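The structure appears below as structure tokens.
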Amino acid sequence: MRNTSFPGLHSPAAGFDEPFEVLSACHDRVRRSLDLLQRLAAHVRAHGADTQARDAARDVARYFNVAAPAHHEDEERHVIPPLLGSADARLREAAQRMLADHTRIRASWAALEPLLQALQAGEMPPGLDAAAQDFVDVHDGHLELEDGLAFPGARDLQAAAPDAAQRRLDMGRDMAARRGVKPA
């Protein structure tokens, strides 16, 4: 970010030639954005809708309006389908939970995002604390499920396919293309 109260959101770049690494790197950014959201709510309680709060609200909104939806689409296109088709009941259950979590995350964001927009405009939106906490709470366990079970499971299923290299390449190309990035 642009100020000292809310340090920047930076993470190492992952290449689309390793799409599961891109997904994992995105989780690092989600965690930092959720942390920023919590710090923002505390800052607003203490300092109101000052310049730092408006900048932080803009950064949180930008991440969850742009990058996070693309990330969920990546998962819904490339992680969840193979998990649903797996013979492993744990992987099928993980896929179902991911879908349910995505629905809850979108609904929670729909309640929070207008409050962040109001904050960016210099207003003190009522209910910001509760909406921010709900948004953090709906992520509880979600990233851990994906990092610990879903991504490794989908990666293993992909690696076991006879055309594994092509599937990984196609996945990376699709992810890059939807972001307007030319893969290497």
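Taking residues in segment 13-38 that are under 19 Å from Arg77 (Cβ atoms), and partners anywhere that are buried (at least 18 other Cβ atoms within 10 Å of the Cβ) and of a type in the set (S, T, N, Q), the pairs with Cβ atoms closer than 9 Å and at least 6 places apart or on different chains are Phe20/Gln158.
A Cβ distance below 6 Å, combined with a sequence gap of six or more or placement on separate chains, defines the contacts here; from segment 148-166, residues that are in contact (Cβ under 8 Å) with a residue 24 or more places away in the chain reach residues that are buried (at least 19 other Cβ atoms within 10 Å of the Cβ) and not in a helix (DSSP H, G or I) in the pairs Ala150/Val79; Ala154/Val79. Screening Pro82 on (1) under 13 Å from Ala150 (Cα atoms); (2) crowded, with 16+ Cβ neighbours inside 10 Å; (3) in contact with a Lys or Arg (Cβ under 7 Å, 6 or more places away or on another chain) shows it passes everything except condition (3).
Yes or no: segment 107-125 includes at least one residue that is within 30 Å of Gly153 (Cα to Cα) and hydrophobic (A, V, I, L, M, F, W, C).
Just the residues of segment 107-125 that are within 30 Å of Gly153 (Cα to Cα), to begin with: 107-109.
From what's left, hydrophobic (A, V, I, L, M, F, W, C): 107, 109.
Checked against the condition, which is being within 30 Å of Gly153 (Cα to Cα) and hydrophobic (A, V, I, L, M, F, W, C), segment 107-125 yields at least one hit.
Take the conditions of a type outside the set (Gly, Ala, Ser), touching a helix residue (DSSP H, G or I) at 6+ places or on another chain (Cβ under 8 Å) and closer than 23 Å to Ala132 by Cα and apply them to Val79. Does it pass?
Working: of a type outside the set (Gly, Ala, Ser): yes; touching a helix residue (DSSP H, G or I) at 6+ places or on another chain (Cβ under 8 Å): yes; closer than 23 Å to Ala132 by Cα: no.
No, not satisfied.
Scanning segment 102-136 for residues that are touching a helix residue (DSSP H, G or I) at 6+ places or on another chain (Cβ under 8 Å) and of a type in the set (Asp, Glu) yields Glu113, Asp129, Asp134.
The helices (runs of 4 or more DSSP H) found entirely in segment 126-184 that carry 2 or more residues being modelled with pLDDT under 95 and exposed (fewer than 13 other Cβ atoms within 10 Å of the Cβ) are 164-178.
The values are calculated or read from the model by the stated rules, or taken from the named source; none is laboratory data. Source: prediction; values computed, not measured. Note: ideal-geometry Cβ built from the backbone for every residue, glycine included; neighbour counts use all protein chains shown.
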